[in-house]
Every structure is written in C-alpha cells, then in structure tokens.
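Single-structure report; data block below.
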Ligand SMILES: [Cu+2]
C-alpha cells in the first residue's frame, strides 16, 4: 500500500535546496514519488507503508534541512 506523508521544510530557499531534499528522500527504500513546492515549502512523499516517517525526516535532517 502507498501512503502519503507531508512536511513543511521552511529552510528550503531555492531550487538547489529543493534538489538536495528531493534526492535525499528518493534514496530511501520504498519511496515512490517526491513532490516539493518551493513557494509553500510543502514536501509530499508517496511511499510504501513500510517506509517509516522518522526515516524520511532523518533523511531531510541529514541533507541539512529541518522538517516541521
Ligand atoms: Cu537553496
């Protein structure tokens, strides 16, 4: 089953930030799709139910950003 998890990542400021965050999440097992809207700072992740939300958050933190 595919689940949808959403975060705000307020410290993304440009397309490079978006790329960093996007790529760090895409590396995770079970992640199907990542959608990021720079203007609203919304990050939407479609992933298998086995992928833990903590894992996604951790990937964002490791890429240097702060999920809210
Ligand atoms: Cu940037």
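Just so it is clear, none of the values below were taken in a lab; they were calculated from the coordinates. The structure displayed is predicted, hence computed values, not measured ones. Here the Cβ is made from the backbone with ideal geometry for all residues, glycine too, and neighbour counts use every protein chain on show.
Descriptive notes on the structure:
- Whichever residue in the range 1-23 is without any contact (Cβ under 8 Å) to a residue 24 or more places away in the chain and touching a strand residue (DSSP E or B) at 6+ places or on another chain (Cβ under 6 Å) and, among such residues, is farthest from the ligand (Cβ to nearest atom): 22
- Residue within the range 37-45 that is within 10 Å of the chain's Cα centre (by Cα) and over 26 Å from residue 1 (Cα atoms) present: no
- Output for the range 1-19, where each listed residue is out of contact with any helix residue (DSSP H, G or I) (no Cβ under 9 Å at 6 or more places or on another chain) and either buried (at least 18 other Cβ atoms within 10 Å of the Cβ) or not in a strand (DSSP E or B) (or both): 1, 10, 13, 14, 15, 16, 17, 18, 19
- Across the range 24-68, the number of residues qualifying as in contact (Cβ under 8 Å) with a residue 40 or more places away in the chain, in a helix (DSSP H, G or I) and out of contact with any helix residue (DSSP H, G or I) (no Cβ under 8 Å at 6 or more places or on another chain) comes to 2.
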